[in-house]
Each structure stands twice: as structure tokens, then as C-alpha cells.
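Any read-out appearing in this document is the output of simple, stated calculations on the displayed coordinates, not a laboratory observation. Quantities reported herein were computed from a predicted structural model and do not represent experimental measurements. Don't worry about glycine lacking a Cβ; one is built from the backbone with ideal geometry, like all the others, and counts go over all protein chains shown.
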Amino acid sequence: MTGAETISTTLQSHGWWIASRASGLVALVLVTVSVTIGLLMAGKVMRRPGLSKKLMAVHEHTALAGLIAIAVHGISLLGDPWLNPGVAGITVPFALGFKPLFTGLGIFGGYLAGLLGLSYYFRKRIGAKRWRKAHRATVVVYLLGLVHAVGAGTDATAPWFRWWVLTTTPIVGSLFAYRVVAGRLRRRSQSAPVPGEVSAPVAGRPARAPRIAPTPVAEEA
């Protein structure tokens, strides 16, 4: 068998699986980049004039490209003759017989990615404050995708994949922790009473006026 015939046979028997495998890895990379940029913006780590608009554009485009890659990742499996998942296998969590826990978590992650990603275009109807709170769950999309790739991915044992995980996971985790801590400190500073401010009256008790330091009386000559 010639080299061309070997490639043709491989593509016929494993072409759909290769397409699903490649698109899954692309989806994981795009989701990682999008979530990382989102955490950078939310935590206000990088502040430069005009930088926020550029980061927002990259964040939006990588998120949309990631959704497309996730869709290709699942749809490509329909043509795989070995796995043969069927529509239910790629749409219903834990219905696929191949590593159902990890594939089910991947399906959940895909649904959550679509819900949060597309909600950006309906944030005015949702409400900006409510949308921002829901958008914090994007880090869960990253975690579900990572667990899915490690547990069900063919490349989970590859050295380059391990290096990717060991490099990106601490970055995402640190940015998420910084965002949570910085947010709590910001809320505390906003709720802290301002010195000299009149406190609100308690039921049945008059408002307490601010304490004024006594003015020193000048000594008579």
C-alpha cells in the first residue's frame, strides 16, 4: 500500500475523530484565552489608555470562535464509525457509553459556554448587574472543559498537553483568586463609614451628630 493510500484509508476510518480531536483542542485553547482576558479585565490588572477596548475585542472574538470550535467538536463525532455516539450521545449529558462522566461534564461545559457567551448580546434585557454576576461562571466553563479534556481526551497523556495544563491553570486560578479578593476589598471600602459622616438614625433614636474636636482657646497675653 502506498503512502497516499495509507493516508486515504486513515482519513476514511479516523477522519471524523481527528477533526473532533483537533477542534476540541482548539476550543480548549480559545476558552482559556477568553477566560484569562476576561479575568484580567474584571480584576483591572492591566490599565492602559485604549487597552480595554482591544482586550474586549479579543475576548469577544475568542469566545465566539470557541463556541464554533465546541460545536464542531461535538458534531464531528457523529461521523466517527467507532464511537458512533448518535445525536443523544453528543447532546445529552452522561448518555454516551465512552467515559460517560467526563463526556457528560464536557457537554455541560458546552451548554454553559453557549449560554454565557451568547448572553453578552442580550445583556441590556438581562440587566448589566445581573449579567455581570452570571458572567462570573465563565471560569466554570474553563474548569469543565479542562476536566473533560484530561478525563476523556486522547492527548491527555501527551507531554505538550501536560505542560499546557501546568502553565495555564495556575494563571487562571491566580487571576480568579485576585478578582475575588479585590472585589471583596472594594465592597468593604465602599461600605465603610466615611469619617465625619452623620450616621443613619436607628428606630426610636435620633441621628448622632459627628464628633467635633474642641477648638483650643488662645491664651490671653
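Assorted remarks:
- Working from label points 7 Å from Cα in the Cα-to-Cβ sense, the W131 to V45 distance is 2.4 nm.
- Packing-based exposure ordering (other Cβ within 10 Å, fewest first) of F102, F108: F108, F102
- Partner lysines for K124 [C-alpha distance under 22 Å; skip if fewer than 8 residues away on the same chain]: K53, K54, K133
- Share of pairwise Cα separations in the range 45-103, more than 15 Å, in percent: 62 percent
- Listed by Cβ neighbour count within 10 Å, with the fewest neighbours leading, S119, S191, S20 appear as S191, S119, S20.
- In plain terms, the residue of V147, V141 with the fewest other Cβ atoms within 10 Å comes first and the most crowded comes last, giving V147, V141.
- Dividing the alpha-carbon radius of gyration of the range 3-164 by the rule-of-thumb value 2.2 N^0.38 Å gives 1.16.
- Whole-Hz couplings from phi, Karplus 6.51/-1.76/1.60, listed for the range 74-80; x for Gly and Pro: x, 5, 4, 5, 5, x, 6
- 3J(HN,Hα) couplings calculated from phi for the range 50-55 with the Karplus curve 6.51 cos²θ - 1.76 cosθ + 1.60 (θ = phi - 60°) are, in sequence order, x, 6, 4, 5, 5, 5 Hz; Gly and Pro show x.
- Vicinal HN-Hα couplings computed from phi for the range 20-33 (Karplus, 6.51 cos²θ - 1.76 cosθ + 1.60; Hz; Gly/Pro x): 5, 5, 5, 5, x, 5, 4, 4, 5, 5, 5, 5, 4, 5
- The label-point distance for R187 and W82, in a model that sets each label 7 Å from Cα toward Cβ, rounds to 4.9 nm.
- Taking 7 Å steps out from each Cα toward its Cβ at T157 and Y178 produces label points 3.7 nm apart.
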